[in-house]
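Trainee: Structure provided below as structure tokens; questions to follow.
Just so you know, all these numbers are worked out from the coordinates, no wet-lab data involved. Note that the coordinates shown come from a computational prediction; the quantities given were computed from them, not determined experimentally. Here the Cβ positions follow ideal geometry from the backbone for every residue, glycine too, while neighbour counts run over all protein chains shown.
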Amino acid sequence: MEQFEKLNKSTSEELDKILGIPFKVLDKGFIRVVDYMGTDSSIVQAARVSYGVGTKQVSEDEKLIRYLLRNMHTSPFEMCEIKLHIKVPMDAWRQWIRHRTANVNEYSTRYSIAIDDSQQTLPGEWRFQAADNKQGSSGFVQEEEGKLLTKQEEEFHKHARDIYNSRIENGIAREQARKDLPLSTYTEAYWKIDLQNLLRFLKLRMDPHAQYEIRRYAEVIGEEILSKWCPLTWKAFKDYMFNSTSFSGIEMDVLKQIVSGTPEDLEKTADESGWLKKRKDGTLVRNRERLEFEEKISKLGITAPWNK
Ligand SMILES: Cc1cc2nc3c(=O)[nH]c(=O)nc-3n(C[C@H](O)[C@H](O)[C@H](O)COP(=O)(O)OP(=O)(O)OC[C@H]3O[C@@H](n4cnc5c(N)ncnc54)[C@H](O)[C@@H]3O)c2cc1C
């Protein structure tokens, strides 16, 4: 019979300290850790099965975790799982639930009375529709207008709740009485996900382009929970997934010309990609790919020559 080493369950002292303790999110939401399996060591342990114990180059835990994430060897990260209890408004939950690789059990408003909490927006928190991004917001409305919007919201929430309560009192089925509750109504769920898919969730939902409300939840999961649960993975995630960027073939060609080509070659390359089409008045036609490229290189301190 083959001999195996004695195993100890891998736990995180830092995460154990916050087990069950809720972190407040938005006005009435929260996230708390219910349970977890594995830690940074479990990733290393699983990876060593594929590389063999004692592989020289990747022998230290941090180096190995960084190597795995950098090279998208993601399956060892699936050895870790976390179960969260969350309270979140339904509009943010609708985005959250699109991450299909999690296991979910949500509070049932068919079985129970709907949670009597709605996410409220303070006068200074109303955002304008962004002009350049149909899915985004930009800037805040003035306080006076915000006060009016908040007052209307309060009245609307109260009205919707009163109607719901009166339906319930009159014996209407909970499954039907709930249909006119606003999307700001809070729901609760248990959400369990493995670390590989959690990193993907965080990459998308911590992004500055993600909606503020779900971003707040993602930030709490990353900064307050993952940082304690798997600190080495959290650090590697920030380096290789969150704060990193990638360049497409076209972008590489244009960047090469910006850094070491002639203005003529740059113009030709960018023009071939349709980036520099001009209107009659000489201004550049809006090109989403070009704008995204400009945003990426601005992080490197480079201004696109056509904007100088
Ligand atoms: C900024 C932003 C805007 C968005 N806008 C919209 C929108 O307008 N409308 C809309 O409907 N959604 C929208 N989404 C949701 C988006 O399309 C994804 O469904 C969501 O982000 C979940 O990502 P995911 O599929 O990577 O995650 P998961 O569902 O957790 O899946 C993880 C990975 O598993 C694999 N996978 C999972 N399920 C399947 C499958 N069935 N087939 C093949 N591979 C699978 C894929 O590799 C996937 O990336 C938006 C998301 C973001 C971040």
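Trainee: Under 25 Å Cα to Cα from LYS277, which lysines show up? Leave out anything in the same chain fewer than 8 places away.
Mentor: Within reach: LYS134, LYS256, LYS268, LYS296, LYS299, LYS308.
Trainee: Cross-link candidates for LYS179: which lysines have Cα within less than 21 Å, leaving aside residues fewer than 8 places away along the same chain?
Mentor: LYS87, LYS158
Trainee: Show me, bin by bin at 10 Å from 0, the whole-percent P(r) of segment 249-307 based on Cα pairs.
Mentor: 23, 59, 18, 0
Trainee: Now, a different point. What Kirkwood hydrodynamic radius do you get for the chain when you take the inverse of the mean 1/r over all pairs of distinct Cα atoms, in Å?
Mentor: It is 23.3 Å.
Trainee: Assign unit charges at the C-beta atoms only (+1 for Lys and Arg, -1 for Asp and Glu), then state the dipole size of segment 249-307 relative to its Cα centre in Debye, rounded to the nearest 20.
Mentor: 280
Trainee: In addition: Take the chain, connect every pair of alpha-carbon atoms lying under 10 Å apart with a spring to form a Gaussian network, then pick out the residue of VAL104, VAL33, VAL220 with the largest mean-square fluctuation.
Mentor: Answer for the Gaussian network model of the chain: VAL104.
Trainee: Quick one: compute the contact order of segment 249-307, relative version, from alpha carbon pairs under 8 angstrom and 6+ residues apart, as a percent.
Mentor: Values: 30 pairs, mean separation 13.5, N = 59.
It rounds to 23 percent for segment 249-307.
Trainee: Just SER75, SER298, SER137 to compare: in a GNM of the chain, with alpha carbon springs under 10 Å, which one fluctuates most?
Mentor: The residue that fluctuates most here is SER298.
Trainee: Highest GNM mean-square fluctuation, the chain, Cα pairs closer than 10 Å: which of ALA218, ALA46, ALA131?
Mentor: Top of the fluctuation ranking is ALA131.
Trainee: Given a cut-off of under 8 Å on Cα pairs at least six residues apart, what relative contact order in percent is computed for segment 193-256?
Mentor: 24
Trainee: What list of whole percents do you get for P(r) of segment 157-252, with Cα-Cα distances grouped in 10 Å bins up to the one holding the largest distance?
Mentor: Answer for segment 157-252: a P(r) of 13, 31, 20, 19, 13, 4, 0 percent.
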